[in-house]
Amino acid sequence: MDNYNIALIPGDGIGPEVVDEGVKVLQAIEKLDSSLSFSFTEFPWGCEYYLEHGKMMDEDGIDRLKEFDAIYLGAVGYPGVPDHISLWDLLLRIRKEFKQYVNLRPITLLNESLTPLKDKTKEDIDFLVIRENSEGEYAGAGDWLFKGKPEEVVLQTGVFSRKGTERIIRYAYEEARKQKKTLTSISKGNALNYSMVFWDEVFEEVGKEYPDVETYSYLVDAASLYFVSNPERFEIVVTSNLFGDILTDIGAAITGGMGLATGANVNPEKEFPSMFEPVHGSAPDISGKGIANPLASIWSVSQMMDFFGQEKWGAVILDTIKEMLNETEHLTPDLGGKASTSELGNRFVELLTE
Ligand code: GGG
């Protein structure tokens with residue numbers, strides 16, 4: 001019997017609503033597969049916690065999370081708490097402390113009705129973005145000088161260490177080799193004359209060890225255009241933290257919106273737990289209305305199953321999402337349906353169990 005200990009951080013806004021549905025799916029799997037079990041421990045961290053305790057998570061939070069096999073996160077951020085505090089003190093802190101330096105964000109069109117790109121098929125939009133997840137522009141390095149004075153200067157430094165850059169690029173090459181796919185690096189070496197020149201050099205250097213992998217290199221502005229005009233160019237993409245964050249929202253726009261965008265924050269060495277989350281935020285405008293789309297959150301459960309080596313269940317969850325997308329009446333309003341978050345989740349479990 002494989003038992004997995006999962007830390008739940010539902011977080012803010014629609015986070016708890018979508019995490020509930022993902023947990024329902026895991027509990028359904030447990031009933032269907034007697035060789036699997038899941039234990040859940042919920043942590044009340046997030047913006048409400050911050051307003052009460054002055055911190056997004058407990059001091060010993062990182063130590064407590066270390067014991068788990070995975071972290072399942074909803075969303076962070078809510079009006080009343082500055083976004084840079086809610087993001088830095090919880091989500092980015094966990095990514096950093098647990099060396100989750102790989103962010104896997106599939107850009108996969110699951111149903112052709114969902115893309116605004118009317119001439120594109122499911123075969124055209126099916127790639128994986130591997131985003132550097134620990135440093136770059138999100139390293140938190142910088143300064144704010146002469147605040148409020150006419151000579152005010154603000155610096156936000158992108159940090160690209162050799163170790164950090166090599167390991168993400170190597171990870172991407174390995175993935176491209178394993179999947180027998182092309183690898184595209186997205187950077188901006190013409191304008192960012194230190195960090196991205198270095199990135200491009202490392203991409204080329206590491207590439208010498210992978211002569212079997214066909215590679216491409218695009219500037220981020222051109223790549224943004226290709227995401228929309230020629231998504232079929234991409235199979236595996238590797239890019240920096242900021243570019244990956246932005247590009248994958250474009251990816252969401254061409255595959256059905258934020259309600260279908262998933263992300264895995266992976267520590268490949270398994271030295272620390274990895275974290276699974278929908279890409280979307282807390283969506284305060286719809287939170288509490290019971291209409292949030294839980295499919296991204298459920299898709300992140302599929303990524304969690306793959307990570308646990310339970311690929312069969314990862315594939316079953318993804319196939320069930322595809323099946324659900326044919327049933328408009330059971331979908332949430334963002335996908336043209338009238339169902340509530342929990343009605344969608346209940347139908348999902350029905351399909352899974354059929
Ligand atoms: N679902 C997690 C969440 O709330 N994400 C909001 C966000 O702004 N994420 C930025 C990032 O992924 O770097």
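The values are calculated or read from the model by the stated rules, or taken from the named source; none is laboratory data. These numbers were taken from a predicted model, which means no experiment stands behind them. With ideal geometry, Cβ positions are generated from the backbone for all residues, glycine too; neighbour counts draw on all protein chains shown.
Brief remarks follow.
- Selection of the stretch 64-86 for residues being small (Gly, Ala, Ser), in contact (Cβ under 8 Å) with a residue 40 or more places away in the chain and away from the ligand (no atom under 12 Å from the Cβ) yields only Ala70.
- Some residue of the stretch 292-301 being more than 14 Å from the ligand (Cβ to nearest atom) and either modelled with pLDDT of 95 or more or assigned by TED's automatic domain parsing to the domain that holds Leu8 (or both): no
- Whichever residue in the stretch 157-201 is of a type in the set (Gly, Ala, Ser) and in a loop (DSSP other than H, G, I, E, B) and, among such residues, is farthest from Arg105 (Cα to Cα): Ala191
- All positions within the stretch 238-276 that are within 16 Å of the ligand (Cβ to nearest atom) and in a strand (DSSP E or B): Thr239, Thr262, Gly263, Ala264, Asn265, Val266, Ser274, Met275, Phe276
- When Asp89 is tested against the conditions (1) in a loop (DSSP other than H, G, I, E, B); (2) within 13 Å of the ligand (Cβ to nearest atom); (3) not hydroxyl-bearing (Ser, Thr, Tyr), the lone failure is (1).
- Top-ranked residue in the stretch 1-54 [being within 15 Å of the ligand (Cβ to nearest atom) and assigned to a loop (DSSP other than H, G, I, E, B); ranked as surrounded by the fewest Cβ atoms within 10 Å (Cβ to Cβ)]: Phe43
- Among the residues examined, Pro284 does not qualify as away from the ligand (no atom under 13 Å from the Cβ) and over 10 Å from the mean Cα position of the chain (by Cα).
- Condition check for Ala191: buried (at least 18 other Cβ atoms within 10 Å of the Cβ) and assigned by TED's automatic domain parsing to the domain that holds Val237: no
- Here Ser274 meets the list (1) touching a Leu at 6+ places or on another chain (Cβ under 7 Å); (2) assigned by TED's automatic domain parsing to the domain that holds Glu30 almost entirely, failing just condition (1).
- Residue-level analysis places Glu97 among those that are out of contact with any Pro (no Cβ under 8 Å at 6 or more places or on another chain), assigned by TED's automatic domain parsing to the domain that holds Val301 and more than 12 Å from the ligand (Cβ to nearest atom).
- The number of residues in the stretch 132-152 being assigned to a loop (DSSP other than H, G, I, E, B), more than 12 Å from the ligand (Cβ to nearest atom) and closer than 27 Å to Phe98 by Cβ comes to 1.
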